[in-house]
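One structure is given here, and the rest of the page talks about it.
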Amino acid sequence: MAIYEKAPAKLNLSLDIIKKRDDGYHDVEMVMTTIDLYDRIELTPLRNNQIEVTLWSQFVPNDERNLAYQAAKVFKEKYNINKGVHIKIDKCIPVSAGLGGGSADAAAVLRGLNRLWNVNVSMAELAHLGATISSDVSFCVYGKTAVARGRGEKIEPLPDPPPCWVILAKPDIGVSTRTVFQQIELEKLHHPNTEDVIHALHTGDFIKMCQHLGNALEDITMRMYPEVKRLKEKMIKAGATGVLMSGSGPTIYGLVEQERKAKRIYNGMRGFCKDVFLVRIFS
Ligand code: ATP
């Protein structure tokens, strides 16, 4: 019997880099929310002790480099499971886009295997295990809206944003998160006002939330890829209330309350790039 899990993409409402740690990683502070653009994960038990991954994507490997594979591996090791699983990924989230697709898949595999093999550990334990795979996996285990600190593994839940539409526009490039992080010069970063974003979520204030969206990595990615900056300017000009780059980019998103306006902006943005989506915050 197969188990199905949705693996929704995340958006950064804020992304701040706090400091460089002794272990070479950065301490971050990120407010993230989940949108209804998702990969579908199907987990089927195997008679042998193997992990198999199938997916149709020219950009994502189907071997041990796949984060979904790594999730199954650490799960099997941690809970001493001598069973096999076939992981089928129906990939809808654009790859290397700043939308955390790989982390979402890994988190969905952890949640799914917890059910498939009746291990029944808490979400907190899965999130802890997820942190060993990649820093956004902990957040993706819970989904919804939260602030992530430390390397991204310390999660504090927040209220979801007020209901709104999300227009996503991704230029035809993939951005390596690693390369962007290597370019960080802490003293030159523009730090977003994360506390104000959190306050706006607590008070359900859509306009305030939009005013305080901020991403410390935007300048770096936009310096490397000026088309990302141009796309952000187009989204602002099109009339979105809040506009930001998600993660290390290159996806630019716009937030809008009214459906008609969202559809108009969506249609307009399709004139500038191929990958444009109109979605809602996941609920
Ligand atoms: P992040 O900001 O967390 O790096 P991203 O959205 O920018 O996320 P992903 O789509 O997660 O980037 O992919 C980043 C890299 O991870 C790619 O090089 C891709 O080949 C690799 N990868 C491994 N497993 C997966 C997966 N299941 N889905 C997508 N990418 C994966």
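Is it true that Val141 is in the same structural domain as Asn267 (by TED's automatic domain parsing), buried (at least 21 other Cβ atoms within 10 Å of the Cβ) and in contact (Cβ under 8 Å) with a residue 12 or more places away in the chain?
Values: in the same structural domain as Asn267 (by TED's automatic domain parsing): no; buried (at least 21 other Cβ atoms within 10 Å of the Cβ): yes; in contact (Cβ under 8 Å) with a residue 12 or more places away in the chain: yes.
Criteria not met by Val141.
Considering the stretch 95-133 alone, what residues qualify as being part of a loop (DSSP other than H, G, I, E, B), on the phi < 0 side of the Ramachandran plot and hydroxyl-bearing (Ser, Thr, Tyr)?
Taking the stretch 95-133 as the starting set, the residues that turn out to be part of a loop (DSSP other than H, G, I, E, B) are 95-100, 117-122, 131-133.
Those left that are additionally on the phi < 0 side of the Ramachandran plot: 95, 97, 99, 117, 119, 121-122, 131-133.
Scanning the stretch 95-133 gives Ser122, Thr132.
Considering the conditions (1) at pLDDT 95 or above; (2) out of contact with any strand residue (DSSP E or B) (no Cβ under 6 Å at 6 or more places or on another chain), Cys210 is excluded by exactly one of them, (2). Take Ala97 and tell me if it is touching a residue at least 12 places away in the same chain (Cβ under 8 Å), under 16 Å from the mean Cα position of the chain (by Cα) and away from the ligand (no atom under 13 Å from the Cβ). For Ala97, the condition - touching a residue at least 12 places away in the same chain (Cβ under 8 Å), under 16 Å from the mean Cα position of the chain (by Cα) and away from the ligand (no atom under 13 Å from the Cβ) - is not met.
Rundown of residues vs (1) closer than 25 Å to Gly101 by Cβ; (2) in contact with a helix residue (DSSP H, G or I) (Cβ under 6 Å, 6 or more places away or on another chain), yes/no style:
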position: Leu168; (1), (2): yes, no
position: Lys188; (1), (2): no, no
position: Pro192; (1), (2): yes, no
position: Ala200; (1), (2): no, yes
position: Thr203; (1), (2): no, no
position: His212; (1), (2): no, yes
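A quick yes/no check of all residues on (1) in contact with a Phe, Trp or Tyr (Cβ under 7 Å, 6 or more places away or on another chain); (2) not polar (S, T, N, Q):
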{"position": "Glu77", "(1), (2)": "no, yes"}
{"position": "His86", "(1), (2)": "no, yes"}
{"position": "Ile89", "(1), (2)": "no, yes"}
{"position": "Ala97", "(1), (2)": "no, yes"}
{"position": "Gly100", "(1), (2)": "no, yes"}
{"position": "Arg111", "(1), (2)": "no, yes"}
{"position": "Asn114", "(1), (2)": "no, no"}
{"position": "Val119", "(1), (2)": "yes, yes"}
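Only residues that are of a type in the set (A, V, I, L, M) and within 16 Å of the ligand (Cβ to nearest atom): list them for the stretch 174-194, please.
Looking only at the stretch 174-194, we keep the residues that are of a type in the set (A, V, I, L, M), and these are 175, 180, 184, 186, 189.
Of everything in the stretch 174-194, those that are of a type in the set (A, V, I, L, M) and within 16 Å of the ligand (Cβ to nearest atom) turn out to be Val175, Val180, Ile184.
Going by what's in this entry, would Ile89 be described as among the β-branched types (Val, Ile, Thr), under 15 Å from Tyr69 (Cα atoms), near the ligand (Cβ under 9 Å from one of its atoms) and in the same structural domain as Arg47 (by TED's automatic domain parsing)?
Values: among the β-branched types (Val, Ile, Thr): yes; under 15 Å from Tyr69 (Cα atoms): yes; near the ligand (Cβ under 9 Å from one of its atoms): yes; in the same structural domain as Arg47 (by TED's automatic domain parsing): yes.
When the stated conditions are applied, Ile89 passes them.
Just checking, which of Leu158, Leu168 is surrounded by fewer than 19 Cβ atoms within 10 Å (Cβ to Cβ) and in contact (Cβ under 8 Å) with a residue 60 or more places away in the chain?
Details: Leu168 fails: surrounded by fewer than 19 Cβ atoms within 10 Å (Cβ to Cβ).
None of the others qualify; the one that does is Leu158.
The values are calculated or read from the model by the stated rules, or taken from the named source; none is laboratory data. Since this is a predicted model, take the numbers as computed values, not measurements. When we count neighbours, we look across all protein chains shown, and the Cβ atoms used for this are built from the backbone with ideal geometry, even at glycine.
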